[in-house]
Structures are given as C-alpha cells and as structure tokens.
1. In this structure, does residue 99 turn out to be modelled with pLDDT of 70 or more, under 18 Å from residue 127 (Cα atoms) and buried (at least 16 other Cβ atoms within 10 Å of the Cβ)?
2. Filter the stretch 118-137 down to residues that are closer than 15 Å to residue 72 by Cβ and more than 10 Å from the chain's Cα centre (by Cα) and give me whichever is modelled with the lowest pLDDT.
3. Hey, among the residues in the stretch 65-76 that are surrounded by 21 or more Cβ atoms within 10 Å (Cβ to Cβ) and touching a helix residue (DSSP H, G or I) at 6+ places or on another chain (Cβ under 8 Å), which one's nearest to residue 10 (Cα to Cα)?
4. Please pick out the residue among 89, 112 that is part of a strand (DSSP E or B), modelled with pLDDT of 90 or more, in contact with a strand residue (DSSP E or B) (Cβ under 8 Å, 6 or more places away or on another chain) and within 18 Å of residue 64 (Cβ to Cβ).
C-alpha cells in the first residue's frame, strides 16, 4: 500500500493488520453515532454519510483538514470503508491531510481515529464531499 510507504518515509511507525476492518468500522459507528437506529443504518451504507447528511455537527473541507493537521496524532488508527486492512500509526505528528489524499481503490474512503475514538478525520471517495473532522464534546460541556 502506497500510503504505508508515504508515512514511513516521514518517520512514522506503521503496523499493518489484516481482517479487522469490520471491527474498526463498527467501533467507529458506535463511537460517533447517537442511536442504535443510526448505527445500523451507517453500518449498511457509507459511514461518512453521517457527516454529509449533517446528522453530526462537524468541520468540513479546509477547516477539517486544518484541524486534522493540528490534532495530536501520537497514536491512531487508519481504516477504510471497503477494506479489512487497518493501519496503526504512532508518532504521527508529521502526518497531514495531504498524505491521505491519493489513496485509491478499496482504500479510497479513509477514516482516521485516535486511540480512544474521541476524534475522527474522514476523506470520502466523492470529491464533492468532505473531508470531515469531528471531535466528541467533553462530558463537562
């Protein structure tokens, strides 16, 4: 996968895992959608529809990419809508939104989350949509 090479050239530690993508997609939906109905719906469609349908208040386009570039990426996961491959990346502060733009094929819908699934950055395969950045509100708000 070309993305792995791009990240490793930046000094980012990357571990590749196969056959766990479904587990990460399910965990993502449970972490970022509100109801069981929504969770079932998004597991049977493109996950990023949750953002394009404006069901969640998130940053879009340039603001999303800028927020992703600034967020702490010490330890996070990258997974995809159509692949069961998952990347675990560590010390990824140098990873930015542009690094994820040229992903193609089964890897074209890109999801990045922190270790605790507190924030996510999503690049849909459709150029007219996204990218999206969403951070859960803290419980004290």
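The values are calculated or read from the model by the stated rules, or taken from the named source; none is laboratory data. Since we're looking at a predicted model, the values are computed, not measured. Backbone-built Cβ (ideal geometry, glycine too); neighbour counts: all protein chains shown.
1. The answer is yes for residue 99.
2. This residue is 136.
3. 68
4. 112
For (1) closer than 15 Å to residue 111 by Cα; (2) at pLDDT 85 or above; (3) part of a helix (DSSP H, G or I), each residue gets a yes or a no:
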{"residue": "39", "(1), (2), (3)": "no, no, yes"}
{"residue": "47", "(1), (2), (3)": "yes, no, no"}
{"residue": "78", "(1), (2), (3)": "yes, yes, no"}
{"residue": "93", "(1), (2), (3)": "no, yes, no"}
